[in-house]
Amino acid sequence: MSKFLHTKFSSLKPYDTSGEIESMNGYIRLNTNESPFPPSPKAIEYAHKASESQNYYPDPECTQLAGRLAEMYSLKPTQIVFGNGSDEILNFLFAGFCENGAAFPNITYSFYKILAEFHCVDFITVPLKDFRVDPSSYTAMKGRTIFIANPNAPTGIALSLNDIETVITSNPQSLIVIDEAYVDFGGESAVCLISKYDNLIITRTFSKSRSLAGARLGFCMTNENIAQDIRNIKNTITPYNINAMTQAAGLGALDDEEYTHKNIAAIRRVRDETRARLQEMGFTVLESSTNFLFAKHESLSGEKIFNALKERRIMIRHFTNPPEISDFNRITIGTSEEMKIFLEAVREIINEN
Ligand code: PMP
């Protein structure tokens, strides 16, 4: 730490990206829940065209994208705000909407805790029950902002729309943030509840089903009032947060819904097939509504499997915390060819042990 850094940052705990950087060196990347499929040719074409006008600042409101998404979800464009990935939206929300604290599951997207600590938000974690988010545990939240990933990560399990509605109606004093990063792979979206409740924000990303993780494009949908508050925060700290090529790529992806749907279907098919094969090899695999599986072997430790796969240049995600998930690994669904290589490697590792 240099002597110039503000002392409030002396014990920062950043998000761990080491495995992600490592896996860029010729590994089969099953560790970051990206899409194994390239962006739609339209996304590439539009981004390329947009790159010719980089001398100008991008549209700070992402007007065209907002218009398209508003049409898709029957909202007004003013109900949508964009982020440099949905991570940036989450950053705005922890920065500006957690005066009464935050609450989120004890096993969920690790960034919630990191952001809560960064913004000095008082937070509680709510235990899962049988690896599921339990809506009845979300009572007496005392106005805390509640963050729920639905489907949850890294478990992959989704809550029903009814369950989400239970959390909302049990907490009228709280803002409820539903992180739908993985919803396209099998979850039920709560977008239809935005017009019914004034305390709901849905976050979404183009990083997963739309193959644009590298472009960094996320957004949130809520009522106009809250959207304007989020926009004010964004325009205060980062008004041009979505670059022109990314806006264009996002439009290209939306112009090619057929491509997205085809990829989602392929990922779901390979996911279910991979789950069945892993179960045959002695794994407990949680049911998944996402593009990843969360799996634990009956006799080999999570760490052992992670390391043995890494030696074979296959990267999956191993968690050490909390201890009850340390024997689980999270496996992103790749192409069917990649998953064949993965399954063959797992078979070998089991036989060797
Ligand atoms: N929410 C969840 C649950 C995630 O797993 C991720 C991806 N790591 C994100 C949000 C953030 O995605 P992005 O910033 O790429 O939109």
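The values are calculated or read from the model by the stated rules, or taken from the named source; none is laboratory data. What you see is a predicted model, and the numbers here were worked out from it, not measured in a lab. Here Cβ is always computed from backbone atoms with ideal geometry, including for glycine, and neighbour counts include all displayed protein chains. Areas reflect the complete protein model, heavy atoms only, side chains present, ligands, DNA and RNA absent. Shrake-Rupley method; radii C 1.70, N 1.55, O 1.52, S 1.80 Å.
Side notes on the structure shown:
Matching residues to (1) assigned by TED's automatic domain parsing to the domain that holds Met141; (2) buried (at least 19 other Cβ atoms within 10 Å of the Cβ); (3) without any contact (Cβ under 8 Å) to a residue 60 or more places away in the chain:
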site: Lys196; (1), (2), (3): yes, no, yes
site: Ile201; (1), (2), (3): yes, yes, no
site: Ala213; (1), (2), (3): yes, no, no
site: Cys220; (1), (2), (3): yes, yes, no
site: Tyr240; (1), (2), (3): yes, no, no
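- Looking across region 106-129, not a single residue is polar (S, T, N, Q), outside any loop (DSSP other than H, G, I, E, B) and open to solvent by less than 40 Å² (accessible area, probe 1.4 Å).
- Condition check for Ile168: in a strand (DSSP E or B), away from the ligand (no atom under 11 Å from the Cβ) and in contact (Cβ under 8 Å) with a residue 12 or more places away in the chain: no
- Of the residues making up region 32-76, those that are open to solvent by less than 50 Å² (accessible area, probe 1.4 Å) and without any contact (Cβ under 8 Å) to a residue 12 or more places away in the chain are Gly67, Ala70.
- Every test in (1) β-branched (Val, Ile, Thr); (2) outside the structural domain of Ile146 (by TED's automatic domain parsing); (3) outside any helix (DSSP H, G or I) is passed by Ile44 save one, and that test is (3).
- When the test is whether a residue is outside any helix (DSSP H, G or I), in the same structural domain as Ser160 (by TED's automatic domain parsing) and closer than 23 Å to Asn33 by Cα, Ala249 does not pass it.
- Of all residues in region 130-148, exactly one satisfies the criterion of being of a type in the set (Lys, Arg), surrounded by fewer than 21 Cβ atoms within 10 Å (Cβ to Cβ) and assigned to a loop (DSSP other than H, G, I, E, B), namely Lys142.
- If the condition is being open to solvent by less than 10 Å² (accessible area, probe 1.4 Å) and either in contact (Cβ under 8 Å) with a residue 40 or more places away in the chain or part of a helix (DSSP H, G or I) (or both), then region 285-296 contributes Thr290, Asn291, Phe292, Leu293, Phe294.
- The single condition among (1) in contact with a strand residue (DSSP E or B) (Cβ under 9 Å, 6 or more places away or on another chain); (2) more than 16 Å from the ligand (Cβ to nearest atom); (3) in the same structural domain as Ile178 (by TED's automatic domain parsing); (4) assigned to a helix (DSSP H, G or I) that Lys234 does not meet is (2).
- Every residue from region 244-284 that is surrounded by fewer than 19 Cβ atoms within 10 Å (Cβ to Cβ) and under 17 Å from Arg347 (Cα atoms): Glu273, Ala276, Arg277, Gln279, Glu280, Met281, Gly282, Thr284
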